[in-house]
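Q: One structure is given below, represented as structure tokens, and several questions about it will come after.
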Amino acid sequence: MSSAPTYTPRLLPLRMPRVCVAVTGADASEMMEKAEALVRDNPFLEFRLDYLAKPGLAIPKIKAFMESHPDTVVIATCRRTVAGGRFRGSMASELDILAKASGAGCQLLDVALQTAIKSKPAQVQKLRARSALILSFHDFRGTKKLDEKLQKMLAVQADFHKIVSTATTLSDNVTMIRFLAKESDKHSLIGICMGEQGIISRVLGVRAGSVFTFAALSPDEKTAPGQVTAQELRNLYRIEQVDAATRVYGVAGDPVVHSLSPAIMNAAFRRENVNAVYLTLHAKTLKDLLTCIRGIPLHGISVTMPYKEAILKHLDNTDSHTTKIGACNTVVRAQDGKLYGFNTDAAGVVRPLERRLPTLEGAKILVLGAGGAARAAVFGLKERGCEVYILNRTTGPAKKLARQARARTVKRADLKKLSFDVIVNATPVGMGNTRETPLQEHEINARYVFDMIYDPAETRLLKLARERGAQVIPGIEMFVQQAARQFEIWTGKPAPGDEMLRTVLLALQERAAKSAPVKK
Ligand code: NAP
């Protein structure tokens with residue numbers, strides 16, 4: 001059985017960096033060029049020699065690199081296909097290449113469990129003469145029997161034991177993190193869950209006891225499913241600062257991968273020096289989400305589709321406003337473990353209007369839609385004394401909401417005769433395109449038009465409204481204000497609204513630039 005780490009300070013710096021960046025390349029020259037470009041900001045690299053058609057050709061280049069960057073920590077990996085890598089050679093060739101990489105100065109060598117148990121022990125142990133050995137195991141299907149796997153791995157003497165599983169649920173992260181917390185004081189472990197849902201383990205694994213974690217060089221160069229870039233780990237999630245006191249938050253929904261909430265919330269935490277991190281939580285079921293909230297534990301979540309209503313019955317309490325709306329977008333986990341629910345979408349509608357209108361009392365407001373966001377808007381505006389009208393594609397939900405909130409319904413045919421202080425679009429019509437609009441130009445009789453949609457920033461509705469002489473309020477303001485309110489509920493501090501707006505505008509610009517056709 002291996003016990004405490006056997007590697008010595010002679011081989012490695014006492015404190016290893018938390019993030020190891022995997023470097024690949026079409027050939028050895030490209031791999032080394034990338035390494036040269038990376039090394040200033042990334043003192044810890046993994047050369048994925050198995051990505052090269054001729055890994056042996058990289059060895060002299062690695063030697064030169066190690067000589068010119070003596071402070072860099074480097075792992076050499078030449079994983080065979082049977083263990084999830086790309087190397088098509090034999091076990092003997094894998095070990096031979098790793099031995100040469102060790103000779104070239106790589107301080108760490110990754111040997112797959114499959115190779116180690118089938119090779120002669122002496123052959124594997126020989127590699128440890130000059131380098132530390134990472135014994136690795138990858139499970140591409142799930143996160144199961146981690147203890148059993150570790151016991152099997154401990155039969156091979158190694159300096160680090162690396163277990164990489166796949167998260168198919170958020171709860172798999174809980175399994176990995178508990179495993180790391182339990183075993184990492186006895187063994188030097190590296191533990192990560194792959195997959196989109198494994199993000200929790202990638203960010204929080206290091207505080208649970210994983211010696212380090214892996215990151216991709218860029219979104220196009222991931223060497224494992226769900227890997228995030230080193231830049232994201234450092235700048236967005238501030239992994240170097242994550243410690244036992246770091247509070248964990250996240251946006252939970254299905255789908256959730258394109259959410260801008262991690263960008264805006266992590267920027268706010270950073271600006272206000274709050275020791276907290278905010279993650280994307282792809283919850284395929286509510287049960288999985290609830291297990292994760294208690295297991296990690298999470299301090300709060302932003303709830304998005306499709307759980308805003310369904311989560312209510314799992315909460316210990318909600319404020320009266322949220323109960324009336326019947327939907328919760330903000331959960332707080334108190335110190336006693338109890339879950340409290342709030343709805344900040346109403347603040348997202350009310351705050352931008354308060355900034356523009358001298359008073360909301362008596363303001364005549366038309367809300368388009370009768371779904372969750374419309375309900376928040378209607379109740380929020382009624383609470384401020386507005387005269388609220390509702391128009392929905394189907395009349396049933398509009399009538400029900402009007403009855404519950406003491407608002408009125410209107411018929412679309414009557415719109416040309418009516419005028420409003422504000423029209424609020426709470427339907428998804430116009431989302432993701434600039435063609436669709438919930439109202440035609442002649443139906444827009446209002447001083448202000450507020451579209452909840454924020455992508456695109458200027459919807460067709462807002463364009464028509466501008467042409468009609470109305471002032472427009474883009475959905476981004478709602479997005480920022482509902483997030484700002486969440487920040488305030490979670491931290492008790494005023495939210496850095498300007499920083500949040502700037503961050504989300506930048507993220508939208510980047511997104512638009514990525515989806516724009518490349519001009520030749
Ligand atoms: P929801 O609960 O699904 O409600 C959608 C509403 O839109 C329903 O009233 C539905 O009418 C109506 N609708 C859907 N498709 C329509 C169509 N083709 N023509 C006319 N009406 C249609 O959705 P939600 O959660 O309320 O969200 C509504 C919109 O607000 C979404 O675009 C969402 O992205 C946006 N939103 C933005 C923010 C922000 O921060 N900016 C926050 C929350 C929501 P029926 O009753 O007839 O189905």
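Q: Quick one: MET478 ticks every box in (1) away from the ligand (no atom under 14 Å from the Cβ); (2) out of contact with any Leu (no Cβ under 8 Å at 6 or more places or on another chain) except a single one, so which number is it?
A: Just one mismatch for MET478, condition (1).
Q: Restricting to the range 296-334, and then to whatever is over 19 Å from ASP254 (Cα atoms) and assigned to a loop (DSSP other than H, G, I, E, B), can you tell me which residue is nearest to the ligand (Cβ to nearest atom)?
A: GLY326
Q: Oh, and also: Test of understanding: among GLY337, GLY380, GLY341, GLY362, which residue is open to solvent by less than 40 Å² (accessible area, probe 1.4 Å), in a loop (DSSP other than H, G, I, E, B) and more than 10 Å from the ligand (Cβ to nearest atom)? Even if it seems obvious, please write down each step before you answer.
A: Details: GLY380 fails: in a loop (DSSP other than H, G, I, E, B); GLY341 fails: in a loop (DSSP other than H, G, I, E, B); GLY362 fails: open to solvent by less than 40 Å² (accessible area, probe 1.4 Å).
Among GLY337, GLY380, GLY341, GLY362, only GLY337 is open to solvent by less than 40 Å² (accessible area, probe 1.4 Å), in a loop (DSSP other than H, G, I, E, B) and more than 10 Å from the ligand (Cβ to nearest atom).
Q: Restricting the range 212-261 to residues that are more than 20 Å from PRO43 (Cβ to Cβ) and in contact with an Asp or Glu (Cβ under 7 Å, 6 or more places away or on another chain), which is surrounded by the fewest Cβ atoms within 10 Å (Cβ to Cβ)?
A: Across the range 212-261, the extreme among qualifying residues is VAL257.
Q: Now for a separate question. Residue by residue through the range 200-224, note down the ones that are at pLDDT below 95 and under 14 Å from the mean Cα position of the chain (by Cα).
A: PRO219 - this is the single residue of the range 200-224 that is at pLDDT below 95 and under 14 Å from the mean Cα position of the chain (by Cα).
Q: Continuing with the same structure: Which of the numbered conditions does ALA405 fail, given that it passes all the others? Conditions: (1) at pLDDT 95 or above; (2) under 38 Å from the mean Cα position of the chain (by Cα); (3) within 12 Å of the ligand (Cβ to nearest atom).
A: (3)
Q: OK, next. Looking only at the range 131-145, count how many residues are open to solvent by 10 Å² or more (accessible area, probe 1.4 Å) and either touching a residue at least 40 places away in the same chain (Cβ under 8 Å) or within 22 Å of THR81 (Cα to Cα) (or both).
A: 7
Q: Identify, please: which residue in the range 365-377 is open to solvent by 10 Å² or more (accessible area, probe 1.4 Å) and in a helix (DSSP H, G or I) and is, among those, nearest to PHE487 (Cα to Cα)?
A: Here the residue is ALA373.
Q: So, one more: Cβ-Cβ below 6 Å, separation at least six or inter-chain, first residue in the range 378-402 and farther than 21 Å from THR437 by Cβ, second open to solvent by 50 Å² or more (accessible area, probe 1.4 Å) and more than 11 Å from the ligand (Cβ to nearest atom): which pairs?
A: Going by the 6 Å Cβ cut-off, the qualifying pairs are PHE379/LYS324; GLY385/GLU361; GLU387/LYS364; VAL388/LYS382; LYS399/THR409; ALA402/ARG408; ALA402/THR409.
Q: Hey, could you check the range 344-359 for residues that are within 13 Å of the ligand (Cβ to nearest atom) and over 27 Å from LYS313 (Cα atoms) and say which is least open to solvent (accessible area, probe 1.4 Å)?
A: So the residue we want is PRO352.
Q: Out of the residues in the range 432-448 meeting the condition of being buried (at least 16 other Cβ atoms within 10 Å of the Cβ) and within 14 Å of the ligand (Cβ to nearest atom), tell me which one is farthest from MET478 (Cα to Cα).
A: Top of the filtered list is GLU443.
The values are calculated or read from the model by the stated rules, or taken from the named source; none is laboratory data. Model, not experiment: these values are computed from the prediction. Here Cβ is always computed from backbone atoms with ideal geometry, including for glycine, and neighbour counts include all displayed protein chains. Only protein heavy atoms, including side chains, enter the accessible area calculation; ligands, DNA and RNA are left aside. Shrake-Rupley method; radii C 1.70, N 1.55, O 1.52, S 1.80 Å.
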